[in-house]
Each structure stands twice: as structure tokens, then as C-alpha cells.
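Each reported figure results from applying straightforward, stated rules to the coordinates on display, with no laboratory input. Everything numeric in this text was worked out from a predicted model, so none of it was measured. Cβ coordinates were reconstructed from backbone atoms using ideal geometry, including for glycine residues, and neighbour counts include every protein chain displayed.
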Amino acid sequence: MRMKAVLLAALLAFGVAGGNTRPAAADEITFDAVPATVGSCAMDLEVAATARQRSLGLMHRDSLPRDRGMVFAMPNRNAPGFWMKNTLIDLDIAFLDEGWRVMAIEQMKALDLSITRGPRGTAYALEANLGVLADCNLRIGDVLTQPPDLSRVIP
């Protein structure tokens with residue numbers, strides 16, 4: 001009987017901690033937002049500059065306003081990889097170089113665990129709702145005309 005109780009407790013703990021619940025640590029992570037012009041659209045971009053911010057990204061969110069996105073400042077330029085674990089919304093992702101030139105644009109499906117990899121030289125990755133980057137006329141080779149000013153938010 002004691003073994004059944006321990007097993008039941010373990011299963012209940014996994015059910016609460018596992019799945020698509022938001023981890024307690026994620027509640028402690030905050031993101032500063034900065035304005036930017038992305039293609040033809042004005043957007044507010046949350047900045048993921050620290051390792052903890054980059055690992056959380058847009059996970060555990062039910063929605064994202066169409067005029068909002070997230071920009072990831074990449075610490076190295078070695079073909080960064082992104083997955084959609086615990087990410088509940090479909091996203092566009094643009095990979096940009098140090099001059100804010102778009103090197104690649106990909107689409108990512110909610111909860112997909114496959115890796116979407118950016119090209120070598122990626123300095124920034126920009127995520128927005130699926131279809132927003134096309135709606136904003138952002139194309140490969142474009143340079144953001146008003147890139148986000150990250151100087152006040154990157155540690």
C-alpha cells in the first residue's frame with residue numbers, strides 16, 4: 001500500500017510539474033521591451049539578452065499581440081538553434097546579422113521539438129506571430145530601418 005501511495009504521489013507531482021504548466025522560475029524572469037520598425041510595421045520587441053531569458057523566450061504564452069515580438073541577442077554567431085518546446089503559438093523567426101540585415105526567415109509550429117537553425121553569423125533572432133513578418137513586408141536582405149536600441153537593456 002505504501003508503494004502505491006509513493007507512486008501516486010510521484011505521478012501527481014509529475015502531472016503538476018510536467019506538461020505545459022509554467023515553471024515557477026519563469027515567473028521571476030522579466031523582459032524589457034524596446035520599439036523598432038520591422039519591415040513596414042512599428043513593433044515593441046521584448047529583449048531576451050541573458051541566458052535565462054533566451055531559454056524561456058515566448059514559452060507558456062497563450063497569445064502575443066500582433067504588434068509585439070521578441071528579439072534574442074545571440075552571444076555567439078555559430079548557427080543558433082530554436083525549438084518550440086512549451087511554446088503555444090505559431091511563430092515567424094527572422095535571423096539577422098550585426099547590421100540588422102535579414103539573413104533568413106523561417107516559420108515554426110507550436111510545440112514542435114525540431115530545431116530551426118539560423119545561419120552562421122546570426123547576431124539577433126526576431127520572433128513574431130506567424131504571418132506577421134510577411135504582413136510587414138520583411139524580406140531576406142532587408143535591413144531594419146529602425147532597429148531596437150538594445151544598449152539600455154543588454155547587461
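Tabulated data
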item	result
For the stretch 28-71, radius of gyration divided by Kirkwood radius, i.e. Rg to Rh on alpha-carbons	0.98
Distance histogram for the stretch 37-155 (every C-alpha pair counted, 5 angstrom bins, percent rounded to whole numbers)	2, 12, 24, 27, 22, 11, 1
Student exercise, the stretch 45-84 dipole from Lys, Arg, Asp, Glu Cβ charges, in Debye to nearest 20	100
Low-density loop positions, chymotrypsin sites (Phe, Trp or Tyr not before Pro), the stretch 81-155 - DSSP coil, at most 16 other Cβ in 10 Å	Trp83
Stretch gain in nm, segment Thr145-Arg68, where the contour uses 0.36 nm per residue and the Cα spacing is subtracted	26.0 nm
Packing-based order for 70-76, 136-142, using average beta carbon neighbours within 10 Å, highest first	70-76, 136-142
Trypsin sites (Lys or Arg not before Pro) lying in DSSP loop within the stretch 55-99, provided at most 16 other Cβ fall within 10 Å	Arg61, Arg66, Arg77, Lys85
Options Pro119, Gly99, Cys136, ranked by Cα towards positive dipole end of the stretch 82-155, top entry (Cβ charges)	Pro119
